[in-house]
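To start, the structure under review is shown below, and the notes come after it.
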Amino acid sequence: MPSWLPAVPAASFVVPPSEKASDRVLSPGEVDLQVTKNLEDVPEEPPEGEGMGEEFFATASMEVEKGKGGAFSGITRPIDKFIHYFQTRGREKFERYLSRSGKYVGMMQKILVRYGLPEDLVYVALIESGFSPKAYSVAKAAGPWQFISGTGRRYGLRIDWWTDERRDAEKSTHAAASYLRDLYGMFESWPLAAAAYNAGERKIQKAVVRYKSDDFSELIRHRYLKQETKDYVPKMLAALTIAKDPDKYGFGDVAYEAPLDLRTVAVPGGTDLAAAARLLEVPEESIRDWNPELRRFCTPPNRERYDLRLSVDAARLADERMEEICTQAKITFLQHNVRKGETLQGLADRYKTTVPILKELNGLKRDSLRRTERLLIPVTGLVETESVPGTEVSPDHLAMAHMRVEERSRKARIKGGRRPEPGDAVIVRKGDTLARLAKGHGVRVKELARANGLSLTSKLKVGARLLLPDPAGETESPTAQTAASKASGGTNSPVSAGTARDARKKTTRYKVHKGDTLDQIARVYGVTVDRLADRNQMKKGDLLRHGVVLVIPLES
């Protein structure tokens with residue numbers, strides 16, 4: 001495969017008049033000015049603390065069981081009420097919370113102990129969120145520890161347009177440990193500290209002063225505290241009691257989720273999550289689940305590097321393919337002046353992004369555009385010299401960037417093995433049907449059948465090769481159709497199976513983009529225009545239709 005050539009001169013492109021103007025590369029600071037004004041520094045790691053109040057939780061479940069003869073005699077009835085609730089009407093949710101706790105409890109308890117806190121404080125997260133990083137309350141509290149933004153920032157969590165570290169289970173546990181340690185220092189009572197975690201320290205301080213008592217069971221007799229706060233401590237003690245002895249309370253059959261086993265890999269700021277997922281051969285949703293603090297489609301571009309959490313296998317692959325991640329998944333943000341006739345969908349197609357991302361990035365609520373608008377647009381594939389802030393990026397550079405990404409992706413897939421994509425062949429195995437193969441590869445049954453000259457009721461021959469069509473439904477090249485015609489057991493193909501395999505080794509496929517020409521594509525791939533045209537049964541002067549898949553001959 002020939003090496004990539006320098007950017008093709010502008011004269012070799014046929015670019016519509018509306019696309020000839022250049023876009024300007026923006027710096028991370030300029031990007032932030034457009035999307036948010038709420039930028040803060042990364043917090044420092046909190047210091048370790050000293051032991052405090054362990055005896056309260058060490059005996060809590062035993063004291064609950066003593067009922068009116070125990071330390072919680074003043075709140076025995078509400079504790080019993082919540083134990084009964086969790087066993088009956090709230091059972092389904094509580095089972096789900098216990099199951100999910102398996103992912104986080106071990107990690108959270110280790111952090112709490114580092115701060116010198118009782119490890120059973122972890123059950124505050126159970127009643128706050130059910131250990132869900134995605135939890136969000138009507139009071140705008142977020143994450144497993146349900147921080148509101150003000151308190152979260154106070155305790156070192158970064159909350160901006162790009163990330164919300166309240167949803168990061170590890171970082172938010174550090175913040176919660178620091179906050180709970182401060183609350184215990186104020187009240188020297190875990191019931192009051194826990195109540196303050198719910199209602200705020202000032203509310204509890206006022207209650208203590210107003211009723212001249214630091215006894216939680218006394219304070220809840222009065223009307224000053226909300227019912228939610230009065231229930232908070234009994235609910236936590238009920239949850240703790242069940243969680244520490246689930247068999248006794250009828251939860252012995254809960255299937256606990258496995259603890260998270262993730263690794264951190266430093267990737268560039270502004271790494272596109274979808275592109276990274278393709279390179280790491282994992283669903284994008286998995287990367288989002290492992291990194292719930294990420295609010296957008298990429299890692300924060302206002303940071304030089306970002307520690308991305310990945311599974312063990314994905315982390316290993318990330319180390320092997322870091323060069324590809326840095327070149328294919330790194331986003332450059334361009335400023336584009338909207339011109340007459342342009343639409344969001346047209347821009348999304350041209351820049352290889354999506355309409356939802358453009359609307360999100362630019363705060364657009366409508367689909368129409370005004371000519372005076374300046375849009376922020378993410379692109380991948382630009383080389384380092386083209387990504388310098390202030391650089392003018394022409395449509396020529398953009399087209400070359402898209403081609404670079406596609407070619408590097410092809411090489412990476414060949415090097416590491418990957419899931420078949422449009423234009424690739426899949427082998428029919430025993431039990432396969434058109435419907436099953438279409439569903440497994442994300443294409444429509446009709447398109448798969450049409451691309452291979454089959455009817456919807458065709459029986460597939462085991463060992464035959466089917467070519468995957470483009471999701472948009474473009475027709476495959478004659479060569480591709482010929483190579484796939486044996487899928488139903490036909491014998492009329494002039495090309496043998498061995499010849500088809502050899503042909504595949506000597507070709508690749510390229511999907512035509514707006515403005516591409518045969519001359520440009522031929523030079524990039526190091527073949528002659530005549531050979532490229534002949535391979536695709538075209539004439540040298542033919543205009544290329546957007547979306548058509550060309551077969552590129554790679555060897556003589």
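The values are calculated or read from the model by the stated rules, or taken from the named source; none is laboratory data. A quick note: this is a predicted structure, and the numbers were derived from the prediction, not measured. Note that each Cβ is placed from the backbone with ideal geometry, even for glycine, and that neighbours are counted across all protein chains shown.
Miscellaneous remarks
- Only listed residue being among the charged types (D, E, K, R), closer than 22 Å to Arg316 by Cβ and either free of Cβ contacts under 8 Å to residues at least 12 places away in the same chain or buried (at least 17 other Cβ atoms within 10 Å of the Cβ) (or both), chosen from Glu285, Glu281, Glu293: Glu285
- Of all residues in region 517-550, those satisfying the criterion of being touching a Pro at 6+ places or on another chain (Cβ under 8 Å), under 19 Å from Met403 (Cα atoms) and modelled with pLDDT of 80 or more are Val527, Leu532.
- Breaking point among (1) under 24 Å from Gln109 (Cβ atoms); (2) part of a loop (DSSP other than H, G, I, E, B), for Tyr232: (2)
- Residue check for Ser132: in a loop (DSSP other than H, G, I, E, B), under 25 Å from the mean Cα position of the chain (by Cα) and not acidic (Asp, Glu): yes
- Check on Tyr123, under 21 Å from Ala258 (Cβ atoms), part of a helix (DSSP H, G or I) and not assigned by TED's automatic domain parsing to the domain that holds Leu294: yes
- For Gly116, the criteria (1) surrounded by fewer than 18 Cβ atoms within 10 Å (Cβ to Cβ); (2) more than 26 Å from the chain's Cα centre (by Cα); (3) not in a loop (DSSP other than H, G, I, E, B) hold in every case but one, which is (3).
- Test result for Ile220, under 31 Å from the mean Cα position of the chain (by Cα) and at negative phi: no
- Restricting region 281-295 to residues that are touching a helix residue (DSSP H, G or I) at 6+ places or on another chain (Cβ under 9 Å) and assigned to a helix (DSSP H, G or I) leaves a set whose member that is nearest to Gly381 (Cα to Cα) is Glu284.
- Screening region 296-357 for helices (runs of 4 or more DSSP H) wholly inside it with 3 or more residues that are touching a residue at least 60 places away in the same chain (Cβ under 8 Å) returns the ranges 322-328.
- For region 121-175, the tally of residues that are touching a strand residue (DSSP E or B) at 6+ places or on another chain (Cβ under 7 Å), of a type in the set (Ser, Thr, Tyr) and closer than 21 Å to Asp289 by Cβ stands at 3.
- Condition met for Ala399 (modelled with pLDDT under 55 and either touching a Gly at 6+ places or on another chain (Cβ under 8 Å) or crowded, with 19+ Cβ neighbours inside 10 Å (or both)): no
- Selection status of Asp534, out of contact with any Asp or Glu (no Cβ under 8 Å at 6 or more places or on another chain), of a type in the set (Asp, Glu) and assigned to a helix (DSSP H, G or I): yes
Residues are listed down the side, and each one gets a yes or a no for (1) assigned by TED's automatic domain parsing to the domain that holds Arg181; (2) within 31 Å of the chain's Cα centre (by Cα); (3) crowded, with 16+ Cβ neighbours inside 10 Å:
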residue	(1), (2), (3)
Thr76	yes, no, yes
His84	yes, no, no
Arg89	yes, no, no
Ser99	yes, yes, yes
Tyr104	yes, yes, yes
Lys110	yes, yes, no
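- Residue match in region 242-252 (condition: aliphatic (A, V, I, L, M) and either surrounded by fewer than 15 Cβ atoms within 10 Å (Cβ to Cβ) or under 13 Å from the mean Cα position of the chain (by Cα) (or both)): no
- Counted residues, region 252-280 - those being more than 24 Å from Phe131 (Cα to Cα) and not in a strand (DSSP E or B): 10
- Within region 163-208, the set of residues being crowded, with 23+ Cβ neighbours inside 10 Å and closer than 16 Å to Leu219 by Cα comprises Trp190, Pro191, Leu192, Ala193, Ala194, Ala195, Ala196, Tyr197, Ile204, Ala207.
- Residues of region 367-382 that turn out to be surrounded by fewer than 19 Cβ atoms within 10 Å (Cβ to Cβ) and over 25 Å from the mean Cα position of the chain (by Cα), as a count: 6
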